[in-house]
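See structure below.
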Amino acid sequence: MNSHRLARGPVLAAAVMAAAALTAPLAIAAPAAAPAPPKKAAAKPNDFNGDGIRDLAVGAPGGTAGKVAKAGHVSVLYGSKSKPLTAQKQLFHQDSPGVSGTAAAGDRYGDSLAGADLDRDGYADLVVGAPGDTIGGHGPNRGSVSVLWGSPKGLTAGPTLATGGADTDLVGLRLAVGDFDGDGDQDLALTESQANLRILSGPLKRDGSATGVRAITDQDNLHRITDLAAGDVNKDGRTDLVASRYNSDMYEYPDTAVWQGTAQGPAATPKVVKTKRMDIQGGDNLDVGDVNKDGYADIVVGKDDFREFDMDGGKGGRILFYPGSAKGADGSKAVVWTQDTQGVPGTAAYRDYFGSGVTVADVDGDGYGDIASGLPGKTVDKAKKAGSVLVLRGSAKGPTTTGAKVFTQSTAGVPGASEANDTFGASVGVTDLNGDNRPELVVGGTGEDKGAGAVWVLKGTKTGPATTGAITFGNGTVGAPAAVNSGFGSAFANFTTYWH
């Protein structure tokens, strides 16, 4: 936290000068230093136009950018108390006017997204990762990270923030934002070569330069970070950086790593959180939030069974819950959830991919963080890989099956129909898009419409997500061409990661 000295008042200053004049030659007093201007209040994450209501950013890393196929694009739909979500929207890609870079097939613009007020002007900004980007004629897969600045009229084009220096850097593959040094400004963390981290300290300037840049290098260079999230796990006032990782380039031996926030930003060395069961550690993706409402952010890790040779956490995938504490994440109190856990709706089956796109957020406004997870490989009404989403409620004891809900396209009120390969639940997000403090459930289905992809939004209520008034939209709604394997809905800002 920054502190400022109080300026001396004129009466006190005059008295001091008068006393000094009796014993010293007359001197002209230096003017008192003016106090630093107060910082503007930071905008809510994802409130890109500063109206107090969060907005929705959607990535389509395989989408058509103008006339360039497979380059990727990002669409933004603006939340409102009175207007439909699809009424106000924008579409960005690397051939959009002013946007940094040049669209090319394989750039994967929009593969990762993060929203935060990075320049402290009262408007949230959107950070966009393009891990396949070619840099300076070199590549592909050097990768880049750029920003779209928030403003009263919505997002505007901004500069490149970071690029990769080697063809395997994949800069922009994973992103997270948080106040890692506790100074009140938002910082940006990004992966480099999947093993290392680069930290850009805020505030950022309009030319894209950061207040400071740090590299955190993996000493073994064997870890493979599959997801990043941020939250204050030990409640010390600084954001901690959390990653799901594998301990080899063959994606074996998963773990959960926490770089504790310090005055210099994330610690140079992470703490690896371990459970009592050595066969159940880590996973593929994760999120951070206060599930048990004790003031400490908890860590929720999802591990689907895509890599079936691991066979370490239950048929069809699992969720691992680590409670936060004054000493950080407590692995000794970790709890594992599968579809075979008593009270969890459904029955586990191989390749359900339970644990995909886990998200922690308060879906009903009761103060407890709830857990939403996709099951994009779930068979529904005999349609293979139709997909579903499971919501587990939070409680004082952590996740609970009481009030658990499952949503599919066969659920009454959800638009569409469950069809093979829809992968409903490939990505999941929870955010309040109409300002009523009842967050909406946002679901991506990358296989919908023969691979074009789609997004569903289920309205939030005091009992959680409801299907009344649910909507769906795809590439056409945001003004982008329909494209097979566009990945539309594969990523939402601050919520989830791309499903395998």
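The table below lists the values:
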quantity	calculated
Qualifying residue in the stretch 148-157 (condition: part of a loop (DSSP other than H, G, I, E, B) and without any contact (Cβ under 8 Å) to a residue 40 or more places away in the chain)	no
Count of the stretch 198-214 residues which are open to solvent by less than 80 Å² (accessible area, probe 1.4 Å) and touching a strand residue (DSSP E or B) at 6+ places or on another chain (Cβ under 8 Å)	10
Test: residue in the stretch 408-426 that is crowded, with 20+ Cβ neighbours inside 10 Å, under 20 Å from Thr86 (Cα atoms) and acidic (Asp, Glu)	no
Residue tally, condition under 18 Å from Leu190 (Cβ atoms) and surrounded by fewer than 20 Cβ atoms within 10 Å (Cβ to Cβ), over the stretch 135-148	1
Residue in the stretch 54-79 that is most open to solvent (accessible area, probe 1.4 Å), counting only those that are in a loop (DSSP other than H, G, I, E, B) and more than 28 Å from Asp207 (Cβ to Cβ)	Lys67
Residue list for the stretch 447-456, filter: of a type in the set (A, V, I, L, M, F, W, C) and part of a strand (DSSP E or B)	Ala454, Val455, Trp456
Criterion (in a loop (DSSP other than H, G, I, E, B) and at pLDDT 95 or above) met by exactly one of Gly444, Gly398, Gly425, Gly435	Gly398
Residue that is nearest to Leu433 (Cα to Cα) [pool: residues in the stretch 362-390 that are surrounded by fewer than 24 Cβ atoms within 10 Å (Cβ to Cβ) and in contact with a Ser or Thr (Cβ under 8 Å, 6 or more places away or on another chain)]	Asp364
Close pairs from the stretch 331-360: first free of Cβ contacts under 8 Å to residues at least 24 places away in the same chain, partner small (Gly, Ala, Ser) and outside any helix (DSSP H, G or I), Cβ under 9 Å, at least 6 apart	Lys333/Ser325; Lys333/Gly398; Thr347/Gly316
Pairs, first farther than 23 Å from Ser356 by Cβ in the stretch 423-440, second in a strand (DSSP E or B) and open to solvent by 10 Å² or more (accessible area, probe 1.4 Å), C-beta under 6 Å, six or more apart	Arg438/Thr461
Qualifying strands (runs of 3 or more DSSP E) (wholly inside the stretch 246-350; at least 3 residues being hydrophobic (A, V, I, L, M, F, W, C))	254-259, 298-303, 318-322, 335-337
Residues of the stretch 363-378 classified as acidic (Asp, Glu) and farther than 22 Å from Lys303 by Cα, total	2
Some residue of the stretch 80-97 being polar (S, T, N, Q), more than 23 Å from Leu188 (Cβ to Cβ) and either without any contact (Cβ under 8 Å) to a residue 40 or more places away in the chain or open to solvent by less than 10 Å² (accessible area, probe 1.4 Å) (or both)	yes
Unmet requirement for Arg108, which otherwise passes all of (1) open to solvent by 10 Å² or more (accessible area, probe 1.4 Å); (2) more than 20 Å from the chain's Cα centre (by Cα)	(2)
Answer from Lys274, Lys235, Lys205 - the residue that is over 27 Å from Ala124 (Cβ atoms) and among the charged types (D, E, K, R)	Lys274
Test for Ala176: is it among the small types (Gly, Ala, Ser) and buried (at least 21 other Cβ atoms within 10 Å of the Cβ)	yes
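The values are calculated or read from the model by the stated rules, or taken from the named source; none is laboratory data. Since we're looking at a predicted model, the values are computed, not measured. So basically every Cβ, Gly included, is an ideal-geometry build from the backbone, and we count neighbours across all protein chains shown. The protein model used for the area step is the full one, side chains on, heavy atoms only, and it has no ligands, DNA or RNA in it. Shrake-Rupley method; radii C 1.70, N 1.55, O 1.52, S 1.80 Å.
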